[in-house]
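One structure is given here, and the rest of the page talks about it.
What follows is calculated from the coordinates using simple rules that are stated; it is not laboratory data. Keep in mind that this is a model prediction, so the values were computed, not measured. FYI the Cβ positions are ideal-geometry reconstructions off the backbone, even for glycines, and counts take in every protein chain you see.
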Amino acid sequence: MPDIRIADRELRVANIFCVGRNYLEHAKEMGSSIGAEPMVFLKPSSALVQGEAPLVLPQWSSEVHHETELVVAIGRGGRDIPVEEALSHVAGYALGLDLTARDVQAAAKKAGNPWTLAKGFAGAAPVSDFIAADTIRDPQALEFTLQRNGELKQHAQTADMAFGIATLIAWISARFGLQEGDLIFTGTPEGVGPIVSGDVLELSLPGLIQKTFRVA
């Protein structure tokens with residue numbers, strides 16, 4: 001399993017939880033709605049990409065989309081974590097990409113099959129460096145962006161999440177349990193779209209995180 005570093009602490013990545021449809025406008029652009037509870041799926045830890053490695057698109061998909069997200073790293077696990085205590089379990093934050101083979105996902109949905117391949121292929125979870133949790137006073141008062149080849153494609157206000165970070169931690173811990181080293185991709189805003197070889201993707205959490213990914 002891969003490791004991540006947060007300040008002087010190293011964590012072994014356990015599970016990668018991902019939240020779908022957590023911003024209303026993104027749900028609308030996908031022709032969906034937001035339910036009464038979070039919609040959570042998993043990526044294998046082999047999907048994680050760190051450092052300066054280029055993003056390698058799968059040859060079996062002709063339409064891979066970027067989905068930019070705030071990523072939460074769990075520093076202290078637990079079951080049935082109360083909402084009011086949830087943020088104390090966070091070790092750090094990063095920006096990440098929930099890369100999605102959209103054509104493969106659409107075919108799986110049409111056939112009524114799971115779409116793990118579309119979301120969990122090798123390299124489908126690139127992340128920036130992590131910053132310590134105490135760097136951020138209020139994770140629900142952030143904004144982050146994605147530029148593709150210098151053009152703004154996604155702009156999120158975390159205040160617009162349907163399910164806030166503390167709620168997600170509490171919900172996931174009650175259904176799955178959380179472990180030290182688990183990551184939570186907290187959902188993407190509207191503006192998702194395709195990427196191709198040669199693209200440059202710039203993720204920004206102003207003043208805190210700047211990360212550039214290049215597509216091989």
Query raised in the report: Using alpha-carbon positions, what is the distance between the centroids of the stretch 174-206 and the stretch 9-55, in Å?
Result: 5 Å
Report summary line: For the stretch 3-214 the mean separation of alpha carbon contacts under 8 Å (6+ apart) over residue count, i.e. relative contact order in percent, is 33 percent
Report summary line: For the chain (alpha-carbon point model, no solvent) the Debye-based log₁₀ I(q)/I(0) at q = 0.08, 0.16 Å⁻¹ works out to -0.24, -1.08
Query - Tail beyond 15 Å, pair distance distribution of the stretch 1-98 (Cα, percent) - result: 73 percent
Query - Gain upon complete extension [Lys109, Glu52; 0.36 nm per residue less C-alpha separation] - result: 17.2 nm
Query raised in the report: Tell me, what is the Rg over Rh of the stretch 115-216, with Rh the Kirkwood radius over Cα pairs?
Result: 0.96
Requested in this report: Compute the distance in nm between two label points, each set 7 Å from the Cα along the Cα-to-Cβ direction, one at Glu143 and one at Met1.
Outcome: 3.7 nm
Query raised in the report: For Gln154, which sequence-distant residues (separation of 5 or more, or a different chain) have an amide H within less than 5 Å of its own amide H, given hydrogens modelled in the peptide plane?
Result: Leu146
